[in-house]
Amino acid sequence: MATQNRREYLTTTPIPKLIMTLAFPTIMSMLVTGIYNTADTFFVARVSNDPTVNTAATAAVGLVFTVMALIQATGFFCGHGSGNYLSRMLGAENYKEADEMASTGFALSIILGVIFAIVGNVFLTDIASALGAKSAQSLAFTKDYMRIILLGAPFMMAQFVINNQLRFQGSAYYAMIGLMSGAVMNMVLDPLLIMGFHMQVTGAAIATVMGQITSFVVLLIGTTKGENIKLSIKNIRLNGHYLLEIVNGGIPSLFRQGLAAIATLLLNRTAGAIGSDAAIAGMSVATRIMMLMASALIGFGQGYQPVCSFNYGAGLLRRVKDGFNFCVKYSTLFLIGIGAVCYYFAPNLIALFSKDQAAVEVGIKALRFQCITLFLSGPIVISNMMLQSIGKGVKASITASARNGICFIPLILLLPRLFGITGVEITQSCADILSTLIAVPLAYSELRTFKD
């Protein structure tokens, strides 16, 4: 497809049709990714016939999720930062800078991934303890799982970068194929290594990293297809101009994902202090299920991002605003429906992942509280994605920080002191309510400046 055809497609196709066309592959990608992220928890909960061992293993996977979230945050920082900019440059027909930004963002992610792998393994025991591993068994499982995850950091970060760059070029199907290839690899290896070869959490970690490497390879091949930007060592420009643009476009993602990691750390430590491994396991399961439900929303929003950034770069502000209103309306309706279903079936869903009664009780209550406010995620997430995609770094950083930082951190420090384990279970729901009051006004403060 010629460059002019891509431009015409992104700037003239009716907004509902365009967003849904681009969103379908990203929704599928996110759902499959959410499923295989949940697969580790599902299979790890069956590593032994001893429920105590299963609970410790499930808790360990939940604890290491903080580290994975930090790796993901850094990958999204490089991917969204470079992807937003190259998409705006494509919209403005500045192809040279788009090419250079793609290679620069990719190179930066590899460098940062290697640093993560080395530093993380040097301080492995200290990190495992800081994450909240209390018992000797959960500490051992946490170290076994995290050691392998850290070694895969360069591939994990790089595949997030390529995936986002492809999406921002309008090549959502290439991005989908890459992510789904890794998901399939992970889901095949999980039961084989955990239950077949009895490798316990080490098998789960190997399956996850192999899935990430598979995605990396397939996505890298995708950059060579069609009119997608080809990555090249000759185009790497690690200079102030491109690094500042990556920071401006990527810092909201770093805040959003990084604060999610900190929020998970605080959640696990607080739950562990009140209810030990069972509470950590229950909150971990509820969190994974919520991530799976939210993955469809993230995919929907990612279908809007290239529409937003490309049309903003092309000066078509009405299309940016129409896309925002479309996404907020339909994401809210969808989340109301899925939240109601998951609220009703919460006991069944939690029971799939844990047989420990104490963990199940915590998980059910936490999941139901979060289902009540799930519909607020639509305006929060779409507001953040819109501000980030048009290059409004400060406002996007505030909206990205609201949910897991500005609102969540004070609440997780306060509510458990007042209400015990119930305070832990309601924290995310309370944070959702407060975050909506921050995100929506900031989004509309920008949208109202757009001239029809």
I'd like the carbon and sulfur percentage of the solvent accessible area for the chain, probe radius 1.4 Å, heavy atoms only, ligands and nucleic acids excluded.
70 percent
For the chain, the per residue accessible area (1.4 Å probe, Å²) is 37 Å²
Nearest 10 degrees, 0 to 90: what angle lies between the long axis of helix 377-389 and the longest principal axis of the chain (Cα atoms)?
40 degrees
Find how many whole Å separate the alpha carbon centroid of segment 414-452 from the alpha carbon centroid of segment 264-334.
13 Å
Given 10 °C and 1.306 mPa s, how large is the Stokes-Einstein diffusion coefficient of segment 247-366 in µm²/s, with Rh as the Kirkwood radius over Cα pairs?
95 µm²/s
Kindly provide the Kirkwood hydrodynamic radius of segment 274-320 in Å, to one decimal, from all pairs of distinct alpha carbon atoms.
13.3 Å
Relative contact order of the chain, pairs being alpha-carbon contacts under 8 Å that are 6 or more residues apart, as %:
23 percent
Counting every Cα pair in the chain, what percent are over 27 Å apart?
50 percent
Could you tell me how many degrees, from 0 to 90 and to the nearest 10, lie between the Cα long axis of helix 408-419 and the main elongation axis, the longest principal axis, of the Cα atoms of the chain?
30 degrees
The answer for the net charge of residues other than TYR174 whose Cβ lies under 14 angstrom from its Cβ, with Lys and Arg +1 and Asp and Glu -1, is +3
List the relative contact order of segment 61-153 as a percent without decimals, with contacts defined as Cα pairs under 8 Å and 6+ residues apart.
37 percent
Nearest-0.05 FRET efficiency for TYR444 and VAL184, computed from C-beta distance (R0 51 Å):
0.80
Show me the trypsin sites (Lys or Arg not before Pro) within segment 365-452 that DSSP assigns to loop and that have at most 13 other Cβ atoms within 10 Å of their Cβ.
ARG448, LYS451
Treating the angle as unsigned and between 0 and 90°, give the value, to the nearest 10°, between the Cα long axis of helix 51-91 and the longest Cα principal axis of the chain.
10 degrees
So for segment 202-317, Kirkwood radius off the Cα pairs, Stokes-Einstein at 25 °C and 0.890 mPa s: how many µm² s⁻¹?
133 µm²/s
Dipole in debye (nearest 20) - segment 165-252, about Cα centre, beta carbon charges: Lys, Arg +1; Asp, Glu -1:
280 debye
Given segment 327-438, what whole percent of its Cα pairs are spread farther than 20 Å?
49 percent
Cβ crowding within 10 Å averaged over residues, with 147-158, 290-301, 322-333, 341-352 ranked highest first:
147-158, 290-301, 322-333, 341-352
If you project the alpha carbons of segment 210-267 onto their three principal axes, what span does each projection cover, largest first, in Å?
44, 34, 17
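The values are calculated or read from the model by the stated rules, or taken from the named source; none is laboratory data. The shown structure was predicted, so the numbers you read here are calculated from the model rather than taken from an experiment. Heads up, the Cβs are rebuilt from the backbone with ideal geometry, glycines too, and the neighbour counts pull from every protein chain shown. Ligands, DNA and RNA are stripped out before the accessible areas are found, and what is left, the full protein with its side chains, is counted by its heavy atoms. Shrake-Rupley method; radii C 1.70, N 1.55, O 1.52, S 1.80 Å.
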